[in-house]
1. B:P369 passes all but one of (1) in contact with a Gly (Cβ under 6 Å, 6 or more places away or on another chain); (2) of a type outside the set (S, T, N, Q); (3) facing chain A (nearest Cβ under 7 Å); which number fails?
2. Does the range A:55-70 contain at least one residue that is surrounded by fewer than 18 Cβ atoms within 10 Å (Cβ to Cβ) and among the aromatic types (F, W, Y)?
3. Testing B:S302 on (1) more than 13 Å from every other protein chain (Cβ to nearest Cβ); (2) at pLDDT 85 or above; (3) closer than 26 Å to B:I442 by Cα, one condition comes back false. Which one is that?
4. Only residues that are free of Cβ contacts under 8 Å to residues at least 40 places away in the same chain and out of contact with any strand residue (DSSP E or B) (no Cβ under 9 Å at 6 or more places or on another chain): list them for the range B:447-491, please.
5. Filter the range B:122-153 down to residues that are of a type in the set (A, V, I, L, M) and within 14 Å of B:N168 (Cα to Cα), then give me how many there are.
6. Being facing chain B (nearest Cβ under 10 Å) and basic (K, R) is the filter; apply it to the range A:177-208 and report the residue that is farthest from B:A367 (Cα to Cα).
7. How many of the residues in the range B:332-391 are closer than 16 Å to B:R415 by Cα, among the small types (G, A, S) and out of contact with any strand residue (DSSP E or B) (no Cβ under 8 Å at 6 or more places or on another chain)?
8. Which is under 28 Å from B:S40 (Cβ atoms) and either part of a loop (DSSP other than H, G, I, E, B) or without any contact (Cβ under 8 Å) to a residue 40 or more places away in the chain (or both), of B:A177, B:A159, B:A164?
Amino acid sequence: MTCENKKKQLPLALAGAVILSIFLIMAIFAPVLAPYDPHQRVGLPFSSPSGGHLLGTNDIGQDIFSELIYGSRLSLGLAVLTALVSTGFGALLGLVAGFLGKRVESVIMRCTDFMLVLPFLPLAILLAAMLGQGFFQLVLVISVISWAGTARIVRAQVLKVKAKGYIFNLQAIGAGPWYLLRKHIFREVLPLITYHTMLSASNAVLIEASLSFLGLGNPLLKSWGSILYYAQIRNAMLTDSWLWWVIPPGLSIAFLSAGFLLIGFYLEAYANPRVERGQIDA
Amino acid sequence: MLNVEGLSCYYPVADKEVTAVCNLSFDLGKNSMLGLIGESGSGKTTVAWALLGMLGDLGGHAHGQFTWKGTVYDFHSPAPWRHLRWREIAIVPQTAMNSFNPVYTIGHSLTEVLKWHVSALGANERSARAKEILARVELDPQLFYSYPHQLSGGMRQRAALAKALICNPKILILDEATTGLDVITEGNILKTVAGLKKELGMSLIIITHDLRLVENLCDDYVVLKDGFAQQPGSPYIKKLFSAMLQIGKKPKVADVRGVPILVAKNMSKSFRKPGTRKKFLAIDCVSVSLTPGSITGLVGASGSGKSTLVNTLFHMLRPDGGSISFQGKTISSDPSAIKGMQRQMGLVRQDPFDSLPPHEKVSAVVAEPLQIHSLSEGRQKDLKKVSQLLAEVGLEPEVYIDRFPHQLSGGQRQRVAIARALVTNPSVLVLDEPTSMLDATIKLEILQLIAQQAIEKRLAVLLVTHDLAAASLVCDHILVLHHGKSVASGSFEMLLQNSSSSYLRQLLLAATDLKGYWRHLDEVAPGCSGEGVGVMIPPAVSLSVAERISNL
């Protein structure tokens, strides 16, 4: 990506930051912003939107607007934590594999290949069913299925950096492997890891929603996916209630995921090694 | 034959138009060779692409006129480019050896050109023509069926030449076509080009920053600086030609021969040939000794084992045989002994664009060896030392210390690399092709700097190069490698007098007198020992160069 493209991406990245900020404020100040406790029955079941319930109520009379606000806590928290765990684990393995090479690399990369060829959703369903439905179990499930891509890309980047002339130079004058890894290779790979953290966060939002929608999330935890799950099993799509029961959580999922992606695309400009070149070879 | 009038080229850069070439005019006669000379960024390549009407594809545009076969065309109007390109004007572009699609055979790449430009030919005729042109550029026609990766750099360069010649163009542009090749391969390819020029009656435009080629080959030349053609006799042209490296005698400095600090004896290293079980010897019983205050040259063509020897000296490769002793002690495989030796050695490598960490400022880059060897005396003292070294290598510390490598030119980067190599006060400095990617004027400055540092700091310097002219100017002792074996050793004068090996003669000639080298090749059948052929060294030694070096 050239400098000009980077400039073009800036407004989009700012939009992403605004979206994330809105959801962050929603999550932090949920008790203040939400008019009701989302776990309490506060109205008649299947109420339409009104002054008392902005997005109506669900099948047991809980306020959907309050559910939506509290749902941002789980979605955002899970996205950030999963992104950190999965990218951290994948990046660590990628760094070790790329830098050490030989047998260690072969073992790590074969494990990575194995994870990449497993069908994603059945594996997620199986793991969710095996590990249980708590918040941390969800983090673990999503991390287990999404670290492999990061490991593969980080390893490729490490191989590229390792082959650079300056690394060879430093090795020749006595720099040790730990020094090179810490001081140079990690620094060169860091923009890529940051970009992947954003992508992972975006994916985590979607995977959590998918799992909750399929009924594999914790029914007691309020998440946007679980709102959709109840809407679906109570046939919201057959009545007008999909307008306030399905669309708001659906849009929230889409916006949060897009927010992470937009920032990720901007960070990609830094991950791309050609970013600083804008000169013409005459 | 071709007349270019008022050619100006522009590129849009960040909402502005940058002028790459300004009001350039030249004539190219029939069967003549025109040299287009200039330093990096002077607009040489832009001229070539403008002549092919392809500047638009590179994001720029051109103004001016050119006359071709009596018809006047405008550069910015749609001239019959489709007809002109390749059939009339063809180009061997920069890094042409990498311009083949790796998934197609050489034959496919060649016949593809014919398919577009000479559509009347059938498939069999196209193949026959491609094989014929391969033979013309002195390649085995069977290479028609080979893939690019199966060819060596020189062979790929010849294949690129075949691709340019396949439609029998009237004008051939060689854009730095031999840059990066060693002098012998370069000499051989240029011999083929000169032969074909005569045979096919072509005219050539040679774009280069190597003045040696222009002096040896061209009938006329145009010198470009920042896009402007320089008038003959202008100070810039004089400076450019005075900076030209010619075989010269190294001026006598004080006799500094003493006890060698680093001695590598009978070093051998073999590698397995890719895809086979066979091994080949990259270096075979090579010995080298480095003495404080003197510069030893390690000269040889690509693949002669120069870099392998350097890597074994730095313990980056474990040699199969031989021993290294440093300051009188034999260095075993003990890591602390190796690290102690590495602390005493500085290294500067070929590619200035790849040898510095891109994410660190010059201050951190130069001070890094201090941290690696735990010699740092605190930030302030380190910075002071870095500033002092930058000043010594000719960079103003206050201007350059806070810059990133991408904000420096190639020559400045090489100076930073030299400062870094000197920061630990080493006793040995190894420079692996430090000037091969630099322009002529900068090349000379860097060589002067190396000579100056060697004398001032009593460094034992190993200068690895394929440029015999550079070695002859600064080295006290020269070791010539060929296919991993040491074929000659001694001072440059000794090499001239005792050039018993055919290879050494070829190397000397190719570096000095291209036409003489071709005559030598004509007289000596390949593989023959070349007896009876004298070495022809031009009597004119560049006095200005010798004087400047001696003024150090």
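1. Going through (1) in contact with a Gly (Cβ under 6 Å, 6 or more places away or on another chain); (2) of a type outside the set (S, T, N, Q); (3) facing chain A (nearest Cβ under 7 Å) one by one, B:P369 breaks only (1).
2. No, there is no match, as no residue in the range A:55-70 is surrounded by fewer than 18 Cβ atoms within 10 Å (Cβ to Cβ) and among the aromatic types (F, W, Y).
3. All conditions are met except number (2).
4. B:E456
5. Adding up the residues that qualify gives 4.
6. A:R187
7. Summing the residues that are closer than 16 Å to B:R415 by Cα, among the small types (G, A, S) and out of contact with any strand residue (DSSP E or B) (no Cβ under 8 Å at 6 or more places or on another chain) in the range B:332-391 gives 5.
8. B:A177
The values are calculated or read from the model by the stated rules, or taken from the named source; none is laboratory data. Keep in mind that this is a model prediction, so the values were computed, not measured. Heads up, the Cβs are rebuilt from the backbone with ideal geometry, glycines too, and the neighbour counts pull from every protein chain shown.
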